[in-house]
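Enquirer: Got a structure for you, written out below as structure tokens; questions coming shortly.
Quick note: the coordinates plus some simple rules give every number you see, no bench work behind them. All values derive from a computational prediction rather than experimental measurement. All Cβ positions, even for glycine, are placed from backbone atoms using ideal geometry, and neighbour counts span all protein chains on display.
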Amino acid sequence: MARIPSNRRLLDPAFRPEALDEPQILFRRDAALMFDPAFPYGMGPKVDLLVRLGVQGPWDMWSIGSLDHPSRAPSSETGSCVFAGWVARLESGHREVEIGPDAYGRRKRARNAGILATLDALDRRVMSARLDPDRTVLYRGAALDVLRGARPGESSEDSWSHVATRLAADARTAMARGLHAVTDKTTRAPSGDIHDYWHLAPYFWPNPDTPDGLPYVERGEMRRPDAVLYAPGSKQFDRSRLQRVLEDTATCALAWRVTGQAEFATHGAALMRRWFLARATRMNPHLRYAQVRLGLNEGMGTGAGLIEMRDLPLLLDAARLLAKAGALSRREQSKFRAWLTAYAAWMRDSPQGTEARLARNNIGTFHDLQAAAIAAYLNDAGALNEIFRRCRERIQIQFDPDGSQPYELARKNALHYCCFNLQAWSALARIGDYCGEDLYSYRSAAGHSLRRDLAWLLAFDNARDWPHGQVAAFDWKRLLPLRCELDRLEGRGNSAPPPAEHRSFPAETGIRPYWFL
């Protein structure tokens, strides 16, 4: 191949370039000798082929063939090609990759970037075709249809009618609680901005060895009383109100979908409007002051703070339903998408977001869960592809091939955190189903598998079987949602609702309301 520095020279009939660059090969369909796909693309395989065919050329003086690939026997077609012609490589229009001391390296980097850009574009095209902005992600439309069609006369606790009645009652309870705003707290973040979300790190306490109690120090996994959800002291911060907004909005939206009663959708939209949209009460789109350790990090929160927005996917399903109900105007939907876009950018670029993304434990999982849910809501196919690639890498990092979770097993309440982390993975897998990405079928070369991770935890039946740490009481009923997930994967689904005592769990468990829908 001759690399042409100027395409104009090819118009000169007398021009004969010196073809000394990498050879190019045109394949005939009736050739006996085939290109070996086991060889990586590059100069070595081409030279190897030419040598076997006995085609003479400057490569006879090159050592690349013998160095990269040991010489093999000549082909039966040796001598059928007695000479090689030449081909012109036209100038690219990018002079920096054509001439100069590092032109070869720049060409390689440009080629790699082009290949990646092409693959990314193809991935985006495929992913975009899979997305349906009107379809709920965590809650299955078919399950909601079953619930809506439940006969009112069926009042036993094991009936779908009882579930529908309970859902409507929960929605009315949410309505009775009223609306919530980030501006309702009684204290402020270190920024002084009442619109900034603000909460202290739950396991950090005043330092007993300093006059002012600073810097706060960790007490193992002992939670501060004011960091307990819905405790009286929590009103000075935002965590409890945020959880109310996320869960109450989802409950009201689901109740509208099942009953058709507009009052539920109206209240759900009002909750969203006050927390995310209204200028006087909206939350700034970041968690810069989530899980602050006073006296440390200049008053800023940590990556662990992102976990406090972990139930954002609930809200996004609710937003889809409320849009269908006509409770959110197109302008309000646009404003909410703008809020999510800003929050996603903060997650991507901020020190806290970067720390959470790189975390090897459940913090990293919940980061990806939020990022994937937002990308699905915004129809951002490129972001979804990037997140699912990272998820497959994360499975290899977080889990051992036998399915255990070394970073969660290091905790004093290891059973809680193993279960908590797998709840996040279960939700991520649901988003994957929505996007046509089957995370449960992924298996690494070393045997890492999300399905195996589920099976590992579910092999333990009670506290006597659990050989790792768990200092706090643990409700073994928490394993039922994960067991149902594994049963579904293995074709052992059940069409009946779960027993009443297995239908709802505290928010700290990571199990979403009405998880079985």
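Enquirer: When 425, 515 are ordered from fewest to most other Cβ atoms inside 10 Å of their Cβ, what list results?
Expert: Ranking 425, 515 by Cβ neighbours within 10 Å, fewest first, gives 515, 425.
Enquirer: How large is the helix-only mean residue ellipticity at 222 nm for the chain, computed as the sum of -39500 (n - 2.57) over DSSP H runs with n ≥ 4, divided by its residue count, in deg cm²/dmol to the nearest 500?
Expert: -14000 deg cm²/dmol
Enquirer: Where does the chain land on Rg/Rh, using Cα atoms and the Kirkwood Rh?
Expert: Checking Rg against Rh, the ratio lands at 1.11.
Enquirer: So if each residue of separation counts as 0.36 nm, and I subtract the Cα-Cα distance between residue 504 and residue 43, what length gain in nm does that give?
Expert: Going from the current span to full extension adds 159.7 nm.
Enquirer: What order do you get for 311-319, 6-14, 400-408, 490-498 when each peptide is scored by the mean count of other beta carbon atoms within 10 Å, highest first?
Expert: The packing order, highest mean first, is 311-319, 400-408, 490-498, 6-14.
Enquirer: Please identify every one of the trypsin sites (Lys or Arg not before Pro) in region 378-468 that sits in a loop by DSSP and has no more than 11 other beta carbons within 10 Å of its own beta carbon.
Expert: 464
Enquirer: Still on this structure, I have one more. How far, in nm, would the chain grow between residue 134 and residue 34 when pulled straight, counting 0.36 nm per residue and subtracting the alpha carbon separation?
Expert: Residue separation times 0.36 nm, minus the Cα-Cα distance, leaves 31.0 nm.
Enquirer: In terms of the ratio Rg/(2.2 N^0.38 Å) built on C-alpha atoms, what value belongs to region 137-353?
Expert: Normalised Cα radius of gyration, region 137-353: 1.14.
Enquirer: How do 214, 480 line up, fewest other C-beta atoms within 10 Å first?
Expert: 214, 480
Enquirer: Still on this structure, I have one more. Projected onto the charge dipole of the chain (+1 at Lys/Arg Cβ, -1 at Asp/Glu Cβ, origin at the Cα centre), which of 440, 502, 54 gives the Cα projection farthest towards the positive end?
Expert: 502
Enquirer: Where does region 398-517 land on the Kirkwood hydrodynamic radius, alpha-carbon pairs, in angstrom?
Expert: About 15.0 Å for region 398-517.
Enquirer: How far is helix 479-489 tilted, in degrees, relative to the longest principal axis of the Cα atoms in the chain, given as a value from 0 to 90 rounded to the nearest 10?
Expert: For 479-489 against the chain, the angle is about 40 degrees.
Enquirer: How would you rank 374, 431, going from fewest to most other Cβ atoms within 10 Å of each one's own Cβ?
Expert: 374, 431
Enquirer: Just the number, please: percent antiparallel of the DSSP beta bridges in the chain, rounded to the nearest 5.
Expert: 50 percent
Enquirer: Assuming 0.890 mPa s and 25 °C, estimate D for region 318-433 with Stokes-Einstein, Rh taken as the Kirkwood radius over Cα pairs, in µm²/s.
Expert: 159 µm²/s
Enquirer: So how far apart, in nm, are the two label points at residue 25 and residue 219 if each is 7 Å from Cα heading toward Cβ?
Expert: 7.2 nm
Enquirer: Residue 185: which lysines have alpha carbons under 29 Å from its alpha carbon, excluding same-chain residues fewer than 8 sequence positions away?
Expert: The reachable lysines, counting only those whose Cα sits under 29 Å from residue 185, are 235, 335.
Enquirer: Compute the long axis of helix 381-398 from its Cα atoms, compare it with the longest principal axis of the Cα atoms of the chain, and write down the angle in degrees, 0 to 90, nearest 10.
Expert: Its long axis makes an angle of about 80 degrees.
Enquirer: Given the Cα atoms of region 196-300, and with Rh set as the inverse mean 1/r over their pairs in the Kirkwood sense, what is Rg to Rh to two decimals?
Expert: 1.12
Enquirer: Straight distance only, please: which lysines reach the Cα of residue 477 with their own Cα at less than 27 Å, same-chain residues fewer than 8 apart left out?
Expert: Partners within reach: 412.
Enquirer: Applying 1/(1 + (r/R0)^6) with R0 = 51 Å to the Cβ-Cβ distance of residue 11 and residue 112, what FRET efficiency is obtained, to the nearest 0.05?
Expert: 0.95
Enquirer: Sticking with this one: Setting aside same-chain residues fewer than 8 positions from residue 108, which lysines have a Cα under 19 Å from its Cα?
Expert: Of all the lysines, those that pass the test against residue 108 - Cα under 19 Å, at least 8 places apart if same chain - are 46.
Enquirer: Continuing with this model, one more query. Along the Cα-to-Cβ line of residue 2, 7 Å from the Cα, sits a label point; which residues in region 81-103 have backbone N less than 13 Å from it?
Expert: 85-91
Enquirer: Roughly how tilted is helix 312-325, in degrees to the nearest 10 and between 0 and 90, from the longest Cα axis of the chain?
Expert: It is inclined by approximately 80 degrees.
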